[in-house]
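Colleague: Below is a structure I'd like to ask you about.
Only the coordinates and a few stated rules stand behind these numbers; no lab work does. Because the structure is a prediction, the values reported are computed rather than measured. Because the Cβ atoms are built from the backbone with ideal geometry, glycine has one as well, and the counts that use them run over all protein chains shown.
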Amino acid sequence: MKVFITLVQTQFMKRVLLFLCQGFEELEAGVFTDVLGWTRMEGDHPIEVITAGLRSKLKCTWNMIVEPEMAFEDINVDDYDALAIPGGFEEAGFYEHAYDERFLALIRQFNEQGKTIASVCVGAMPIGKSGILKNRTATTYDLSGGHRRQQLTEMGVNVLDQRIVVDDNVITSTGPATGIDVAFTLLEKLTSPEHVKEIKHHMRFE
């Protein structure tokens, strides 16, 4: 019986595409792999996370080298329930990939299908650049003179001074410290508040 239940869960397992840009911040990516990873160990709603990027090897903000699981050309939006975007540093090359038209087109595809798009910190910038946030609300990093918020405003976004902003299917936030809450917000959208409470219990977020 347990094997049967496991097979059924796997068959209907939801999938999240974690898109990694050059220069992404390790912590901001890790919140998604960890929170969603726990769903495969605890609870009744396992979620699979697949990493992808524009290169076969990427250097993170703090110099860690990672190899995404999936090549960009192999991504099929129909296979995923959500898109997760960690932010990163311009000095580490983040916007080289974040503003790449191939990635922007991918964001538009997820939005056209009404799928959840979750970002941390300046992960909101490519979402704004894609055009899907025009006349909608969002937030992003607020320090360093607030220039990222100004740029997001110039993209036609109504930028709110809030820690996390949820506008329909899009989640944006202000910085690395918000990452864990963004991951739990994404988990709630994919499952339920009760499931989030259960995962938080197992992760000792009480």
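Colleague: Quote the relative contact order of the chain in percent (integer), defining contacts as alpha-carbon pairs under 8 Å separated by 6+ residues.
Modeller: 20 percent
Colleague: Can you figure out the FRET efficiency of GLU154 with ARG55, using R₀ = 30 Å and their beta-carbon distance, to the nearest 0.05? It would help to have the intermediate numbers written out before the result.
Modeller: On the way: r = 29 Å, r/R0 = 0.95.
The value I calculate is 0.55.
Colleague: Take GLU96 and ARG40, extend 7 Å from each Cα along the Cα→Cβ direction, and tell me the distance between the two endpoints in nm.
Modeller: So the two model labels end up 3.0 nm from each other.
Colleague: Rg to Rh ratio, the chain, alpha-carbon atoms and Kirkwood radius?
Modeller: 0.96
Colleague: So if we plug the beta-carbon distance of HIS201 and PHE12 into 1/(1 + (r/R0)^6) with R0 = 25 Å, what FRET efficiency do we get, rounded to 0.05?
Modeller: E between HIS201 and PHE12, to the nearest 0.05, is 0.60.
Colleague: Under the rule of at least 5 residues apart or a separate chain, name every residue whose amide H is placed under 5 Å from the amide H of HIS45.
Modeller: none
Colleague: Okay, moving on. Using just the helices of the chain, give the 222 nm mean residue ellipticity in deg cm²/dmol: DSSP H runs with n ≥ 4 each add -39,500 (n - 2.57), and the total is spread over all residues, rounded to 500. Before the final figure, lay out each step's value.
Modeller: Details: 8 runs with 78 residues, N = 206.
Only helices count here, giving -11000 deg cm²/dmol.
Colleague: Could you please state, rounded to a whole Å, how far the C-alpha centre of the stretch 67-84 is from the C-alpha centre of the stretch 165-187?
Modeller: The two parts, judged by their Cα centres, are 20 Å apart.
Colleague: Name the most mobile residue of HIS97, HIS147, HIS45, meaning the one with the largest mean-square fluctuation, in a Gaussian network model of the chain with Cα contacts below 10 Å.
Modeller: HIS147
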